[in-house]
Amino acid sequence: MTDITLVQGDLTRESADAIVNAANSSLLGGGGVDGALHRRGGPAILAACRELRAGHYGKGLPTGRAVATTAGDLDARWVIHTVGPVWSAGEDRSALLASCHHESLRVADQLGARTVAFPAISTGVYGWPLEDAARIALAAVRAADTEVEEVRFVLFDDRAHAAFAARLGRLR
Ligand code: AR6
């Protein structure tokens, strides 16, 4: 079974086979963890993303899907880019948030990645309430049929770490 671990820290400093990026459909970078990963990972990641846009992903990467590139100068072999849903009070988009986790792990399996580090997808710019995102993310990973041995959630601040820890405690 996949081991789920939580750490508080900066995802760009993490060491793992694959690091998941909370990207946007353009794949061309942005703010938040996306901007930070591109800054520390260097231009090779953006170059690979541009190639994806010039090829199969001409219209961009749909919400809930995932695709891998080189990790550039990061301490990882791959970055797996996924696009979280923007939070909506009026529409239940939780299946898309779960899909980000399932699809990222599916891509990780295709690559042969055994350790995968995730941020709290959609909980920043995209506005998803932390407790609810933690519930969906952890349930999705727990339910995933994957060869990945460790999924590590790298939570940026106290609040995010506390939300994930509380929910993981309830799952155990
Ligand atoms: N390490 C770990 N977590 C981080 C880091 C970091 N270095 N920096 C931020 N976070 P966000 P989203 C946390 O906004 O909500 C971008 O512009 C942050 O505190 O990065 O999925 C993309 O291009 C929050 O808990 O991603 C998209 O346009 C979590 O990472 C859009 O934002 C996710 O926040 C995606 O929005």
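Every number in this text was worked out from the coordinates using simple rules, so none of it is lab data. Model, not experiment: these values are computed from the prediction. FYI the Cβ positions are ideal-geometry reconstructions off the backbone, even for glycines, and counts take in every protein chain you see.
Take segment 107-122 and flag every residue that is at negative phi and surrounded by fewer than 18 Cβ atoms within 10 Å (Cβ to Cβ).
Taking segment 107-122 and keeping what is at negative phi, we get 107-111, 113-121.
Result: Asp109, Gln110, Leu111, Arg114.
Name the residue, out of Ala95, Ala44, Ala108, that is part of a helix (DSSP H, G or I), small (Gly, Ala, Ser) and out of contact with any strand residue (DSSP E or B) (no Cβ under 7 Å at 6 or more places or on another chain). Quick ask: steps written out before the conclusion?
Working: Ala44 fails: out of contact with any strand residue (DSSP E or B) (no Cβ under 7 Å at 6 or more places or on another chain); Ala108 fails: out of contact with any strand residue (DSSP E or B) (no Cβ under 7 Å at 6 or more places or on another chain).
The match here is Ala95.
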* Structure fact -> Taking segment 123-158 and the residues there that are touching a helix residue (DSSP H, G or I) at 6+ places or on another chain (Cβ under 6 Å) and over 20 Å from Gly169 (Cβ atoms), the one that is surrounded by the most Cβ atoms within 10 Å (Cβ to Cβ) would be Val148
* Boolean, Ser99 is within 14 Å of the ligand (Cβ to nearest atom), polar (S, T, N, Q) and either under 21 Å from Ala117 (Cα atoms) or in contact with a Pro (Cβ under 8 Å, 6 or more places away or on another chain) (or both) -> yes
* Structure fact -> Those residues of segment 1-47 which are closer than 18 Å to Ala137 by Cβ, surrounded by fewer than 17 Cβ atoms within 10 Å (Cβ to Cβ) and within 12 Å of the ligand (Cβ to nearest atom) amount to Val7, Gln8, Gly9
* Count of residues meeting criterion [under 22 Å from Thr63 (Cα atoms), part of a loop (DSSP other than H, G, I, E, B) and within 15 Å of the ligand (Cβ to nearest atom)] in segment 115-169 -> 11
* So Arg65, is it closer than 20 Å to Gly127 by Cα, more than 13 Å from the ligand (Cβ to nearest atom) and touching a strand residue (DSSP E or B) at 6+ places or on another chain (Cβ under 9 Å) -> yes
